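The values are calculated or read from the model by the stated rules, or taken from the named source; none is laboratory data. Just so it is clear, the model here is predicted, and its values are computed rather than measured. Reconstructed Cβ throughout: ideal geometry from the backbone, glycine too, with neighbour counts over all protein chains shown. Accessible surface is based on the protein model in full, side chains and every heavy atom, while ligands, DNA and RNA are left aside. Shrake-Rupley method; radii C 1.70, N 1.55, O 1.52, S 1.80 Å.
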Amino acid sequence: MKRIALTGGIATGKSVVRAEFERLGVPTVDADLLARAAVAPGTPALAAILARFGSEILDDRKELDRRKLGAIVFADESSRRDLERIVHPAVQAAINTWLAATEREGHRLAIAVIPLVYEAGRERDFDIVITTACAADEQLRRVMARDGLGELQARQRIAAQLSTEEKVRRANYAVWTDGTMDDTKRQVLETLERLARPS
């Protein structure tokens with residue numbers, strides 16, 4: 001089974017590309033969703049986060065307020081590193097478990113969506129890396145619109161990750177999402193056709 005990481009900067013179209021691969025029959029898992037589960041109430045990761053950042057980052061339901069935590073960690077690199085050290089191991093273990101189960105089921109391809117695959121040094125765990133990409137001004141516009149952020153906050157989040165140019169340079173394949181939905185879907189299909197060829 002080919003193990004594939006799908007990465008890309010914030011708001012560059014990972015969810016759209018993942019959904020299209022799913023529609024075409026490729027099993028996928030999303031690290032962001034696994035991270036949410038890893039920090040649910042009662043988990044060791046949430047306890048560690050509270051010990052590091054304090055109870056002020058909880059909402060009224062005693063759940064992690066991702067917006068409050070984001071404001072802290074994207075403004076301070078050491079805080080972000082501390083958070084990653086807490087959350088990443090739990091997410092990595094969950095992805096490894098999923099990949100093993102998917103291989104046992106007999107799939108030829110499996111895609112794990114990992115936004116920070118390069119930043120976490122995990123690209124070597126995969127046979128192929130695909131990155132999503134779009135122009136810098138389009139990425140900034142999407143982050144501001146999607147997350148309701150001002151330009152400074154949006155730029156902080158973008159700057160916390162490797163640049164799109166660097167991810168495109170390192171990846172085996174890039175899917176550009178600046179164009180129409182049909183254009184993105186066409187690129188996904190072409191990439192899948194290449195991936196399906198025998199090694």
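Can you say whether Ile128 is within 30 Å of Ala51 (Cα to Cα), of a type in the set (A, V, I, L, M, F, W, C) and in contact with a strand residue (DSSP E or B) (Cβ under 7 Å, 6 or more places away or on another chain), as far as the supplied structure shows? Spelling it out, it is not the case that Ile128 is within 30 Å of Ala51 (Cα to Cα), of a type in the set (A, V, I, L, M, F, W, C) and in contact with a strand residue (DSSP E or B) (Cβ under 7 Å, 6 or more places away or on another chain). Residue pairs whose Cβ atoms lie under 6 Å apart, sitting 6 or more positions apart in sequence or on different chains, and linking a residue in segment 99-126 that is of a type in the set (Gly, Ala, Ser) to a partner that is part of a helix (DSSP H, G or I) and open to solvent by less than 20 Å² (accessible area, probe 1.4 Å), are Ala110/Leu99; Ala110/Thr102; Ala112/Ile95. When residues in segment 144-169 are screened for being open to solvent by 70 Å² or more (accessible area, probe 1.4 Å) and touching an Asp or Glu at 6+ places or on another chain (Cβ under 7 Å), 0 of them pass. Take the conditions (1) in contact (Cβ under 8 Å) with a residue 60 or more places away in the chain; (2) in a helix (DSSP H, G or I); (3) not hydroxyl-bearing (Ser, Thr, Tyr); Glu165 misses just one of them, which is (1).
Residue by residue, here is whether (1) of a type outside the set (A, V, I, L, M); (2) within 17 Å of the chain's Cα centre (by Cα) holds:
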{"site": "Asp30", "(1), (2)": "yes, yes"}
{"site": "Leu33", "(1), (2)": "no, yes"}
{"site": "Pro44", "(1), (2)": "yes, no"}
{"site": "Leu50", "(1), (2)": "no, no"}
{"site": "Ser55", "(1), (2)": "yes, no"}
{"site": "Leu58", "(1), (2)": "no, no"}
{"site": "Glu63", "(1), (2)": "yes, no"}
{"site": "Arg66", "(1), (2)": "yes, yes"}
{"site": "Phe74", "(1), (2)": "yes, yes"}
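Among the residues of segment 178-193, those that are surrounded by 11 or more Cβ atoms within 10 Å (Cβ to Cβ) and of a type outside the set (A, V, I, L, M, F, W, C) comprise Asp178, Gly179, Asp183, Thr184, Lys185, Arg186, Gln187, Glu190, Thr191.
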